[in-house]
1. When you look at B:G132, is it within 9 Å of another protein chain (Cβ to nearest Cβ), in contact with a strand residue (DSSP E or B) (Cβ under 9 Å, 6 or more places away or on another chain) and either surrounded by fewer than 22 Cβ atoms within 10 Å (Cβ to Cβ) or in contact (Cβ under 8 Å) with a residue 60 or more places away in the chain (or both), yes or no?
2. In a helix (DSSP H, G or I) and surrounded by fewer than 18 Cβ atoms within 10 Å (Cβ to Cβ), is that true of A:A75?
3. Among the residues of the stretch A:225-259 satisfying the criterion of being of a type in the set (D, E, K, R) and part of a helix (DSSP H, G or I), which is farthest from A:Y33 (Cα to Cα)?
4. Do you know which residues across the stretch A:223-242 are on the phi > 0 side of the Ramachandran plot and within 14 Å of another protein chain (Cβ to nearest Cβ)?
5. With respect to B:T86, determine if the residue is of a type in the set (S, T, N, Q) and modelled with pLDDT under 95.
6. Looking at (1) under 25 Å from B:K44 (Cβ atoms); (2) touching an Asp or Glu at 6+ places or on another chain (Cβ under 8 Å), which is the one condition that is false for B:S80?
7. Please determine whether any residue of the stretch A:117-132 is more than 19 Å from A:G232 (Cβ to Cβ), among the polar types (S, T, N, Q) and buried (at least 22 other Cβ atoms within 10 Å of the Cβ).
8. For the list (1) buried (at least 23 other Cβ atoms within 10 Å of the Cβ); (2) within 27 Å of A:D106 (Cα to Cα); (3) touching a Gly at 6+ places or on another chain (Cβ under 8 Å), I need the number of the one condition that A:P197 fails.
Amino acid sequence: MIFWRAIAAATLFATTPALLAGEIPPDARRSGYAFMGPDTQAMQDDDTINPGMLFVLDGEALWGRKSGSANKACADCHGDARSSMKGVAARYPAFDKASGRPVTLDQRINLCRANHQQATPLPYESRDLLALSAFVAHQSRGVAITAGDDPQLKPFIEQGRDLFMQREGQLNLACTNCHDDNFNKRLAGAPITQGQPTGYPLYRLEWQTLGSLERRLRSCMSGVRAQAYDYGSPELVALELYLMSRARGLPMETPAVRP
Amino acid sequence: MPSAGFKPSRRTPLARSSVHIAALIAASLAFACAASADELASYKIVGDGIPEPLTGSPGDGVRGRALVLARTTTCILCHSGPFPETRFQGDLAPDLTGAGNRSTTSQLRLRLVDASRFNPETIMPSFYRMGGLVRVGRNFAGKPILSAAEIEDIVAFLATLRD
């Protein structure tokens with residue numbers, strides 16, 4: 001019996017070489033949606049009461065509005081976002097040829113503003129940037145996440161994984177200690193999720209607003225009493241990329257609602 | 001592995017007594033800055049515990065109970081216990097009920113000071129340690145999570161948790 005189990009375990013291990021010890025296998029990956037109560041789930045599911053949809057509507061208006069000294073709108077190049085942006089957010093962060101690094105969706109929007117609209121960048125967590133990225137990501141709702149498939153991203157995914165595994169802060173805890181090893185348990189009464197970034201930017205009831213994945217990561221870092229990385233820093237982008245590649249196959253939910 | 005990138009700062013066998021190095025530095029600076037919060041009090045590990053109070057005198061169990069329930073000490077985030085007045089309790093770590101039966105005060109003290117001595121992969125923070133940490137937040141740098149007096153109060157309270 002033990003012998004056969006060992007064989008089965010060895011076979012399982014051999015067929016999933018990309019998975020490191022402690023990582024969550026694909027069929028066990030669960031969105032934060034599965035960890036929350038029915039009331040919050042209902043709020044996400046119904047577009048007429050999902051508060052994130054207000055940002056999506058704002059983003060739709062911004063998509064069509066001319067901006068910058070080039071006097072161009074997103075729509076002037078990209079046309080109807082329903083078709084041109086479908087599936088795009090599920091591939092972000094994506095490799096940017098010009099800089100040779102991954103960029104987040106927020107950074108891509110600001111690169112577009114700088115290069116094509118000759119407009120000033122929108123500040124991180126500003127209403128307009130969140131609205132635009134929510135509108136773009138909303139076009140991928142239901143699309144399976146494939147971020148990180150580009151082989152050029154490999155070293156950056158590894159950097160993100162190392163950061164995820166790195167203990168830090170005065171409490172000396174790594175992301176993996178909770179989100180790989182202890183999901184389903186409770187921290188001060190609240191369920192610990194797997195940390196799958198399926199619905200960003202998302203509406204967090206605790207924040208009373210929409211927020212980015214970087215905001216969430218920074219708040220976890222403050223939680224373990226570590227010095228949070230700056231918005232847009234290579235470390236946060238690498239972590240975001242690793243988390244998206246770790247969520248491979250899960251459907252996008254933007255705009256998600258979370259407690 | 002959950003412990004990837006985690007390197008325990010010390011690997012002194014439990015069986016051997018040892019004196020905290022930082023404590024020696026503290027002692028050497030004691031004349032210069034008598035009440036500095038930047039140094040740890042000296043303590044001596046004997047077997048699997050620290051038999052003597054960090055402050056030289058036993059703590060106050062009533063204050064200790066309040067500290068365990070205060071979210072800022074972080075105890076209650078992971079542990080549960082006989083605390084009917086709060087529903088915000090964690091289940092990442094053992095229930096504290098009966099802690100005083102399971103461990104001596106000497107063992108409780110070492111567990112709070114540096115739980116990684118018992119298990120290098122533990123998720124329990126070392127509450128009285130400053131070295132070997134990465135990217136500690138500006139507001140928390142240069143001080144332990146709990147003061148020596150707070151540890152003594154909590155030890156005094158935990159010792160009363162008997163079945």
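The values are calculated or read from the model by the stated rules, or taken from the named source; none is laboratory data. Quick caveat, the model's predicted, so the values are computed rather than measured. So basically every Cβ, Gly included, is an ideal-geometry build from the backbone, and we count neighbours across all protein chains shown.
1. No; evaluated as a whole, the condition is false for this residue.
2. Criteria met by A:A75.
3. Let us first name the residues in the stretch A:225-259 that are of a type in the set (D, E, K, R), namely A:225, A:230, A:235, A:240, A:246, A:248, A:253, A:258.
Adding the requirement that they be part of a helix (DSSP H, G or I) leaves A:235, A:240, A:246.
Working: A:E235: 26, A:E240: 19, A:R246: 16 Å.
Ranking the candidates gives A:E235 first.
4. If we filter the stretch A:223-242 for residues that are on the phi > 0 side of the Ramachandran plot, which is where we start, we get A:225, A:232.
Residue satisfying the conditions is A:R225 alone.
5. Answer is yes for this residue.
6. Among (1) under 25 Å from B:K44 (Cβ atoms); (2) touching an Asp or Glu at 6+ places or on another chain (Cβ under 8 Å), B:S80 violates only (1).
7. The answer is no, given that none of the residues of the stretch A:117-132 is more than 19 Å from A:G232 (Cβ to Cβ), among the polar types (S, T, N, Q) and buried (at least 22 other Cβ atoms within 10 Å of the Cβ).
8. (3)
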